[in-house]
Amino acid sequence: MSLNVLLKKIGRKRAVSFLILFIICIGAVIFTENDYFLYNRTIAEVVSVSEDLTRTSPAMINSTEYQYTQRLTVEIKNGEHKGELATVTNKYSSSLVTDEKFSKGDKLFVDVNSSGEKLKAVCTGVKRDVYAVGVTMLFVLTIVLVGGKKGALSMLSVTFNALIFAAAIEAYHRGLDLFGLCLGAAVLFTVSSLVIVSGINRKTAAAVVSALCGTAVTIAIAYAVLKLTKGRGVRFDQMQYLIKPYEEIFISELLVGGLGAIMDISITMSSSMSELIDRDSSITFSALRHSGREIGKDIMGTMTNVLLFTYVCGCIPLVILALRNNVTLTDVLNNYLDLEIVRAFVGGIGIVLTIPIAIFISTHMLKGKENTTPQPKEGDA
């Protein structure tokens, strides 16, 4: 396939836009790789490494732990000693649980001691910003390449929501109520996400109302159950270092955590209802509700599993560590997965409840719109 044919197929304007975005992303990674001047802390690059096995010691489950000592030669990249070489001594174990192994090319934060003839330094951390920027740029390229304009709008939505979240955290540090902040943020998350991606129309309005109603009902049920049972059956051991009441933080987590899945359900149902109405303006409410229920059945199970996997996956390291120390599966579920399972179940309840709520709201908000003429769709013959 020639270049002209390829450009014609994907569109010259879209190809040029993606090329510009690609160049920007590559430039961002290159800039981050060399942004030493932005840091007040001293940064050094490892130029050579030598290491020796210093000792061995027994470890758990018939295994052996190996201890190594590395001697690193590093080049200072910023500060008063820029361009000079220094030596760093690093000790690490084969398990790498509490330490790190360094290789040539790694960028380290160091404290430099210039009292002797040769510079010596102590590693205080690893410079990882280039990896974070690289993954972010790859994500941006992927979502724009696959989603086009919708993908770009999705990125804008994510950025805007991140700013909202940061503002809410800052407001909480200034003494504002946590649940109130999460409630306000949830409304802003819902409205901004759906409006930015889907535009201002009846379909978006139906999705926003459905998502807010589904979230409100879900949180009300969770709050009522916690109050009626006085929190019995839910272990808040993982929150034992928090000063605020556990229930308030837990409800706030449920509010924000389940919102994404509920929004997804809401926009899916409202889009489906809108499509059905556009295809057949004479479709009855009964037929709409039946079609909505069938669509809801198809997406309900997968979205519930998404929530379960999302919550549980963060505890995998702790679960593996517990099982390796002969902790029973029952104790693992009680001590490590208790809150995650409750969050997943509450989110699942929210998904199930949002489906009939979205069907009801979407059918009544969309069926009565003025333009009832069926709109031809791309691909119709």
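Structure data summary
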{"quantity": "Failed item in (1) modelled with pLDDT under 85; (2) on the phi < 0 side of the Ramachandran plot, with residue 326 passing the rest", "calculated": "(2)"}
{"quantity": "Contacts under 6 angstrom Cβ, first residue in segment 296-313 being aromatic (Phe, Trp, Tyr), partner crowded, with 17+ Cβ neighbours inside 10 Å, 6 or more apart", "calculated": "311/340; 311/343; 311/344"}
{"quantity": "Some residue of segment 276-295 being at pLDDT below 80 and of a type in the set (Gly, Ala, Ser)", "calculated": "yes"}
{"quantity": "Flag for residue 174 being at pLDDT 85 or above, within 19 Å of the chain's Cα centre (by Cα) and not aromatic (Phe, Trp, Tyr)", "calculated": "no"}
{"quantity": "Counted residues, segment 168-182 - those being in a helix (DSSP H, G or I) and under 17 Å from residue 247 (Cα atoms)", "calculated": "6"}
{"quantity": "Check on residue 82, in a strand (DSSP E or B), among the basic types (Lys, Arg) and surrounded by 13 or more Cβ atoms within 10 Å (Cβ to Cβ)", "calculated": "no"}
{"quantity": "Residue that is modelled with the highest pLDDT [pool: residues in segment 296-317 that are within 19 Å of residue 357 (Cβ to Cβ) and surrounded by 19 or more Cβ atoms within 10 Å (Cβ to Cβ)]", "calculated": "296"}
{"quantity": "Residue in segment 46-57 that is at positive phi, out of contact with any Lys or Arg (no Cβ under 9 Å at 6 or more places or on another chain), among the polar types (S, T, N, Q) and assigned by TED's automatic domain parsing to the domain that holds residue 104 present", "calculated": "no"}
{"quantity": "Qualifying residue in segment 116-135 (condition: of a type in the set (Val, Ile, Thr), under 30 Å from residue 156 (Cβ atoms) and surrounded by fewer than 17 Cβ atoms within 10 Å (Cβ to Cβ))", "calculated": "yes"}
{"quantity": "In segment 144-161, the residues that are of a type in the set (A, V, I, L, M) and over 25 Å from residue 187 (Cβ atoms)", "calculated": "144, 145, 146"}
{"quantity": "Considering residues of segment 85-115 that are part of a loop (DSSP other than H, G, I, E, B) and either of a type in the set (A, V, I, L, M, F, W, C) or more than 33 Å from the chain's Cα centre (by Cα) (or both) only, the residue surrounded by the most Cβ atoms within 10 Å (Cβ to Cβ)", "calculated": "102"}
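Yes or no, residue by residue, for (1) exposed (fewer than 12 other Cβ atoms within 10 Å of the Cβ); (2) modelled with pLDDT under 90; (3) more than 28 Å from residue 145 (Cα to Cα):
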| site | (1), (2), (3) |
| --- | --- |
| 11 | no, yes, no |
| 15 | no, yes, no |
| 24 | no, no, no |
| 44 | no, no, yes |
| 49 | no, no, yes |
| 53 | yes, yes, yes |
| 58 | yes, yes, yes |
| 72 | no, no, yes |
| 75 | no, no, yes |
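The values are calculated or read from the model by the stated rules, or taken from the named source; none is laboratory data. In this text, all values refer to a predicted model and were calculated from it rather than measured experimentally. A quick note on method: Cβ atoms are made from the backbone with ideal geometry, for glycine too, and the neighbour counts reach across all protein chains shown.
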